[in-house]
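The values are calculated or read from the model by the stated rules, or taken from the named source; none is laboratory data. Since we're looking at a predicted model, the values are computed, not measured. Glycine also receives a Cβ, built like all others from the backbone with ideal geometry; neighbour counts cover every protein chain displayed. To get the accessible areas, we keep the full protein, side chains included, count just its heavy atoms, and leave off ligands, DNA and RNA. Shrake-Rupley method; radii C 1.70, N 1.55, O 1.52, S 1.80 Å.
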Amino acid sequence: MAMINLLKKHILSVLYSDRYLDNFLYTYLKILLLNKISHEKLGVFKIKNFRDLAPIKKILNGYIYNSKTQNNNSVVVPDLRLYMLREAIIHAKSSAVVINSTIYYEPVNDNERFNGGFVQVHNSKNAVVNVGNPVVFSDGFFLAGNGSHNWYHWLIEILPKMFYYDSEYSRNILVNQSCKEIPSMAETLQALVESYDVNIIYLDPLKTYRIKKLYFINEVNKLMYNELDFGKATQPLYYYRKESLEKLSEVLKNKYVTDSKSSVEKIYLQRPNTHRIPGNEKEIAELLGSNRFSFIDLSKCSIHQQVEIFASAKQIVGTSGAAFTNLLFCRPNTRIVIFMPDNYSSYQFYKEMGELLQLDVVYLYYKNGSNTHEHSGFTVDKNKLHRLIEMYE
């Protein structure tokens with residue numbers, strides 16, 4: 001029995017791999033076998049860009065800007081477009097949409113990996129998707145997608161689409177169930193839909209959905225979700241529409257910042273009981289404490305508190321993570337120091353946001369020695385940190 005289970009495990013690993021995805025027929029036959037073994041409803045779909053579809057409306061013209069954080073390369077921000085897609089299959093945690101035999105996605109470059117949600121695996125040509133038994137809705141405006149359970153992806157990439165929503169499309173707003181379960185997401189969603197008569201539909205991430213008329217807006221702001229080939233140097237990795245960041249900042253600060261200002265001006269963002277914790281955090285804490293920094297765990301703060309804290313801060317220090325999304329609420333010239341693994345030095349998207357919002361964002365790199373940025377136990381150079389915070393006194 002143990003040998004049979006081992007063999008079955010090996011066969012499944014081969015069938016799930018993307019090694020033969022370039023060959024559509026072979027992959028199709030492989031999926032038939034996989035469905036038989038695992039009792040799933042997988043399909044193989046050809047990948048196309050959303051730009052291959054005809055939109056029903058162009059919302060904003062695209063443009064090109066020079067990105068200092070991406071080797072001064074020119075970054076193309078595509079036209080912002082509204083699509084109406086018929087009989088579309090979606091998933092709460094995927095920005096890809098299946099229509100007939102095709103899956104549509106808008107990558108920031110040709111090295112982007114977007115497997116997540118119902119996308120099991122893919123390469124540049126084909127994707128294996130678990131279509132399941134879709135729940136059917138007549139219509140809906142899509143406000144979910146890759147990373148929609150993550151504060152950064154939700155606030156910067158997904159929620160700003162509400163600025164371009166029109167109730168004539170559909171009253172149904174389709175969001176990840178996390179928007180119901182995570183208070184900060186729930187409250188920011190309500191802040192942007194409160195002027196509309198809408199019906200919020202929370203998508204279960206364990207299900208897929210078939211929407212007879214899906215209204216879909218492509219990326220307002222974009223950060224590459226993951227890499228297909230970690231060793232391949234590709235750019236751009238991200239782009240931002242400055243006006244969307246400024247508008248979101250204004251709307252949420254007007255809602256949550258009161259006349260009573262926070263007295264906390266120097267902040268160290270703690271990450272207790274999680275990952276990406278410095279091995280010498282005690283030394284870092286002693287240094288920052290002696291320089292009058294307050295230690296704050298944002299997971300214990302309401303969205304009201306988070307906005308006010310960042311709006312009042314003059315210096316913010318911490319390890320790279322979604323918490324720094326809140327720099328959106330900072331005043332101009334706020335100094336932000338982010339601990340970052342050295343092998344992710346090309347991902348300076350917070351600095352890019354900071355430049356657009358007139359913030360002083362600097363990275364303090366640490367040696368990582370891994371292809372992931374999730375590990376704890378790294379060492380932050382205390383002397384460099386001391387110089388960075390002293391320079392701003």
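A few notes on this one:
- Whole-percent carbon and sulfur share, accessible surface of the chain, 1.4 Å: 50 percent
- Proximal charge balance of Tyr63 [Cβ under 15 Å; K/R count +1, D/E count -1]: +2
- Rounded accessible area per residue of the stretch 306-393, 1.4 Å, Å²: 39 Å²
- Partner lysines for Lys242 [C-alpha distance under 24 Å; skip if fewer than 8 residues away on the same chain]: Lys57, Lys58, Lys68, Lys161, Lys222, Lys253, Lys255, Lys314, Lys351
- Charge sum, other residues only, whose C-beta stays under 13 Å from Ile211's C-beta, Lys/Arg counted +1 and Asp/Glu -1: +3
- The stretch 144-224 - percent relative contact order, Cα under 8 Å, separation 6 or more: 37 percent
- Build a GNM of the chain with springs between Cα atoms under 10 Å apart, and of Glu112, Glu243, Glu157 the one that fluctuates most is Glu243.
- Here the spin labels are modelled as points 7 Å beyond Cα on the Cα-Cβ line, and at Asp197 and Val76 they lie 4.3 nm apart.
- Ranked by the mean number of other Cβ atoms within 10 Å of their residues, highest first, the peptides 56-63, 139-146, 249-256, 117-124 fall in the order 139-146, 117-124, 249-256, 56-63.
- Dipole magnitude of the chain about its Cα centre (Cβ charges: Lys, Arg +1; Asp, Glu -1), debye to nearest 20: 800 debye
- Cα gyration tensor, the stretch 168-250 - rounded (a/c under 1.5), prolate or oblate: prolate
- Cα point-scatterer Debye curve for the stretch 267-384, base-10 log of I(q)/I(0) at q = 0.10, 0.17, 0.18, 0.24 Å⁻¹: -0.28, -0.85, -0.95, -1.59
- Springs join every pair of Cα atoms under 10 Å in this Gaussian network model of the chain, and among Arg210, Arg331, Arg292 the largest mean-square fluctuation is at Arg292.
- Note on the chain: GNM, Cα springs under 10 Å; of Ser138, Ser312, Ser290, the largest mean-square fluctuation is that of Ser290.
- The modelled label-to-label distance between Asn280 and Val136, using points 7 Å beyond Cα along the C-beta direction, is 6.3 nm.
- Sequence-distant residues sharing a close amide H with Ser294 (under 5 Å, placed H): Lys266, Ile267, Tyr268
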